[in-house]
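The values are calculated or read from the model by the stated rules, or taken from the named source; none is laboratory data. Predicted, not measured: the structure shown is a model, and the values here were computed from it. A quick note on method: Cβ atoms are made from the backbone with ideal geometry, for glycine too, and the neighbour counts reach across all protein chains shown. Accessible surface is based on the protein model in full, side chains and every heavy atom, while ligands, DNA and RNA are left aside. Shrake-Rupley method; radii C 1.70, N 1.55, O 1.52, S 1.80 Å.
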Amino acid sequence: MKSPLLSLPGAVPAEGRDEGVGAHYGDLFREQRALADGRGLVDLSHRGVVTVTGDDRLAWLHLLLTQHVSDLAPNQATEALILSANGHIEHALYLVDDGTTVWAHVEPETQGELIAYLESMKFFYRVEVADRTEDFAVVHLPAGSIAEVPDGVAVRETPHGRDLFLPRADLETYAAANGPAAGILAYEALRIESHRPRLGFETDHRTIPHELGWIGSAVHLQKGCYRGQETVARVHNLGKPPRRLVFLHLDGSEVFLPGHGTPVRLAADGEEGRQLGFITTSARHHELGPIALALVKRNVAVDAELMAGDTAAAQETVVEP
């Protein structure tokens, strides 16, 4: 779904998973600085929007999600996962309940599969699940923003800012009044800086929540049964995850950023060394320079100098080994 904000001056369309919104609007670092200062907004209208209504909505979701939501207070933001039977991450939901409806935004083009699963689990519960992507657009306001939120709009308030579920018909008018618009590349650079994982970027078909630091923020360890809980409990109580998320400072003299999937090796072993992990997301940050998140084997020393492809990388610990 192509955003109307792509008609703004200087807009460059994003590619890949973020197709449909602006990558940037002519000045990546200016846009990052604006967001860091609490100014502007980010068009996330390509993300899927799912609602759940009905008297049993919170009790029912509590049975399916990794997060404790049965007593979720109105307007309290949270995030949750849906796992496979083996504990691998399948969906990530960013939720808020407005008192009558649970609103969630999810990765682009994943809402159909998510809704199919939710529909299959309704049984006798009084709930209705709907895809509202065509009617509502997600807009992100950075932390510190003083932009007004229109009456009746559901909002997720988090330490990183506010996510608005804005009527799609109002997107262009709201952006004109509360800009400047910042592109998804600026948003992603700040996401990487704050070590926040993203489904489909930091995850693959075998990722479990412990590897990404999602225990606590998206996985509640003291709640009832849900699909994949046995794996979560076993790894938490008896072992360690096989991989861990790290933050990388990349060599700033390189022209190209290492892309998703770029092998990570020990610097001492060179480009022919054994692969220890891979780059999940990389970006150019307005203060830190080139940065990345990577998933590496748990036993990689926390002070080891690494190479991402042919780019030198110094690591910071995100998930303890």
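Convex hull of alpha carbon positions in the stretch 182-321: directionally averaged projected area 9.3 nm². A 1.4 Å probe run over the chain, with the rest of the protein chains in place, finds 45 Å² accessible per residue. Across the stretch 147-232, C-alpha contacts under 8 Å between residues 6 or more apart give a mean separation that, scaled by the residue count, equals a relative contact order of 14 percent. In a DSSP loop and with at most 15 other Cβ atoms within 10 Å, the chymotrypsin sites (Phe, Trp or Tyr not before Pro) in the stretch 230-321 are Phe256. Per residue, the average separation of C-alpha pairs within less than 8 Å and at least 6 apart gives the chain a relative contact order of 19 percent.
Phi angles across the stretch 196-209 convert, under the Karplus curve 6.51 cos²θ - 1.76 cosθ + 1.60 with θ = phi - 60°, into 3J(HN,Hα) values of 8, x, 9, 4, x, 10, 7, 10, 10, 5, 10, 6, 10, x Hz, Gly and Pro given as x. Our summary of shape: the Cα atoms of the stretch 57-162 have principal axis extents of 42, 27, 27 Å, ordered from largest down, in whole angstrom. Of the whole protein surface, Tyr226 contributes about 10 Å² of accessible area at a 1.4 Å probe radius.
Restrict the search to the stretch 205-273; then list the trypsin sites (Lys or Arg not before Pro) that DSSP places in a loop and that have at most 16 other Cβ atoms within 10 Å of their Cβ. In loop regions of the stretch 205-273 (DSSP not H, G, I, E or B), the sparsely surrounded trypsin sites (Lys or Arg not before Pro) are Arg206, Lys223. I'd like to know which of Leu95, Leu8, Ala73 lies farthest towards the positive end of the charge dipole of the stretch 1-129, counting +1 on Cβ of Lys and Arg and -1 on Cβ of Asp and Glu. It is Leu8, whose Cα lies furthest towards the positive end.
Computed over every Cα-Cα pair of the chain and binned at 10 Å starting from 0, the pair-distance distribution P(r) comes out as 6, 26, 32, 25, 10, 1 percent.
Amide hydrogen proximity for Arg47: with H placed 1.01 Å from N in the peptide plane, the residues at 5 or more positions away or on another chain lying under 5 Å are Val138. Solvent-accessible area of Val302, all protein chains in place: 70 Å² (probe radius 1.4 Å, heavy atoms, ligands and nucleic acids excluded).
Largest accessible area first, the residues Phe165, Phe29 order themselves as Phe29, Phe165 under a 1.4 Å probe with ligands, DNA and RNA left out.
Bridgeable lysines around Lys223 (alpha carbons under 27 Å apart, same-chain partners fewer than 8 residues away excluded): Lys122, Lys240. Pairwise inverse Cα distances across the stretch 115-250, averaged and inverted, put the Kirkwood hydrodynamic radius at 18.3 Å. These residues, Ser217, Ser253, go from largest to smallest accessible area, 1.4 Å probe, as Ser253, Ser217. Carbon-plus-sulfur accessible fraction, the stretch 195-321 (probe radius 1.4 Å, protein heavy atoms only): 50%.
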